[in-house]
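See structure below.
The values are calculated or read from the model by the stated rules, or taken from the named source; none is laboratory data. Worth saying up front: this structure is predicted, and the values here are computed from it rather than measured. Neighbour counts are summed over all protein chains in view; Cβ atoms, including those assigned to glycine, are modelled from backbone coordinates with ideal geometry. The area values use the complete protein model at the heavy-atom level, side chains included, leaving out ligands, DNA and RNA. Shrake-Rupley method; radii C 1.70, N 1.55, O 1.52, S 1.80 Å.
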Amino acid sequence: MGVLGAGMMGAGIAYSLANKGIKVVLKDVSIDNAKKGKSYSQKVLDKQVARGKLTNEIAQQTLALITPTAEAADLSACDFVIETVFEDRTIKANVTQEIESVIDANIIFASNTSTLPITGLANASARPENFIGMHFFSPVDKMPLVEIICGENTSDDALAACYDLTLQMGKTPIVVNDSRGFYTSRVFTTFVKEGIAMLKDAHPASIENAAYLSGFPVGPLAISDEVSLTLFDKIDKQTRSDLALEGKTLAPHPADDIIHTMIENNPVGRSAGPGFYDNPDGSKHTL
């Protein structure tokens, strides 16, 4: 397997693959970033060893299955590639073309996009029949769902391979229609943005507790920290850009000004420091 992007999502996918005995080439723009992505697997495995759930020998064997790299050529022997780069159409197009130039013509290329329609992303591919959407959820090692999205030209073989890989990873696949936000991201974004918008009138603890009492395992403010507020900003910018090409505009959401204020003042979530919660090392996070 080739995994493009060693951020939180790519690192989680790499671990989930290696944990099932699958060799992974984890690529990022620099070898340091790629190694940092591999270190996520080290932390997960170390915790399991410390809890007695895994032997150190097996942990090291699993870790050895992940090869970090900054070179596209190192993916030439991969049987399947998953792209996890930023939610930016241009960046995804450049990555698609770069990797397709070094992999075999029959290799499936899956984009982990959470919102961008697959048919549009496949326009950058020389082999749209092999291009498919494979949307994982964070943290990947704990979340069982995988959303599979076919573009207009995605072949039945590509869908079957993607479905089989999802099962091989021990996860639950759902196949959904190709539309902006697909199924889960529309539900997720609504949940988070409605929670953030309520900050104008409600105490943050009340918002989080309302989510728990409604059956959600994590509140909208906590989960927005987990995925990073910058993700929502990137999605909105790309959506505005796409809609502008269609002569349409994106209606503002009451949460948008809060998100922008948070980003301007630097707290953007756990990946880069505090957000709605403080997250000091070694202690339980607090609002």
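The residues on offer are Phe136, Phe131, Phe109, and the sole one that is in contact with a helix residue (DSSP H, G or I) (Cβ under 8 Å, 6 or more places away or on another chain), among the aromatic types (Phe, Trp, Tyr), under 19 Å from Thr189 (Cβ atoms) and open to solvent by less than 50 Å² (accessible area, probe 1.4 Å) is Phe136.
Within region 31-72, count every residue that is outside any helix (DSSP H, G or I) and not hydroxyl-bearing (Ser, Thr, Tyr). So that I can check it myself, show each step before the final result.
Residues of region 31-72 that are outside any helix (DSSP H, G or I), as a first pass: 51-55, 64-71.
Add one more test, that the residue is not hydroxyl-bearing (Ser, Thr, Tyr), and what stays is 51-54, 64-66, 68, 70-71.
Final tally of qualifying residues: 10.
Within region 61-75, is there a residue that is of a type in the set (S, T, N, Q) and without any contact (Cβ under 8 Å) to a residue 12 or more places away in the chain? Yes; the residues of region 61-75 include at least one that is of a type in the set (S, T, N, Q) and without any contact (Cβ under 8 Å) to a residue 12 or more places away in the chain. Taken over region 76-98, the criterion of being part of a helix (DSSP H, G or I) and buried (at least 21 other Cβ atoms within 10 Å of the Cβ) is satisfied by Lys92, Val95, Thr96. Look at region 249-269: where a residue is over 15 Å from Gly195 (Cα atoms) and surrounded by fewer than 18 Cβ atoms within 10 Å (Cβ to Cβ) and a partner is of a type in the set (A, V, I, L, M, F, W, C) and at pLDDT below 85, sitting 6+ places away or on another chain with Cβ atoms under 7 Å, you get Ile263/Leu229.
Can you tell me which of Ser185, Ser206 is assigned to a helix (DSSP H, G or I) and open to solvent by less than 20 Å² (accessible area, probe 1.4 Å)?
Details: Ser206 fails: open to solvent by less than 20 Å² (accessible area, probe 1.4 Å).
So the residue among Ser185, Ser206 that is assigned to a helix (DSSP H, G or I) and open to solvent by less than 20 Å² (accessible area, probe 1.4 Å) is Ser185.
For residues that are open to solvent by 70 Å² or more (accessible area, probe 1.4 Å) and either closer than 20 Å to Ala11 by Cα or among the polar types (S, T, N, Q) (or both), tally how many sit in region 52-66. It would help to see each step written out before you state the result.
Applying the first criterion (open to solvent by 70 Å² or more (accessible area, probe 1.4 Å)) to region 52-66 yields 53, 55-58, 60-61, 64.
In the following step, the residues that additionally are either closer than 20 Å to Ala11 by Cα or among the polar types (S, T, N, Q) (or both) were identified as 55-56, 58, 60-61, 64.
Residues flagged as open to solvent by 70 Å² or more (accessible area, probe 1.4 Å) and either closer than 20 Å to Ala11 by Cα or among the polar types (S, T, N, Q) (or both) within region 52-66 amount to 6.
Residues that are open to solvent by 20 Å² or more (accessible area, probe 1.4 Å), within 22 Å of Leu116 (Cβ to Cβ) and in a helix (DSSP H, G or I) do occur in region 3-22, at least one of them.
Hey, could you check region 27-50 for residues that are among the polar types (S, T, N, Q) and under 18 Å from the mean Cα position of the chain (by Cα) and say which is nearest to Ser16 (Cα to Cα)? For region 27-50, the residue satisfying everything is Ser41. Considered as a group, the residues in region 139-152 that are within 11 Å of the chain's Cα centre (by Cα) and either of a type in the set (Ser, Thr, Tyr) or not in a strand (DSSP E or B) (or both) include one that is surrounded by the most Cβ atoms within 10 Å (Cβ to Cβ), and that residue is Val140. Only one of the numbered conditions (1) in contact with a Ser or Thr (Cβ under 9 Å, 6 or more places away or on another chain); (2) touching a residue at least 40 places away in the same chain (Cβ under 8 Å) is violated by Lys20, and that is (1).
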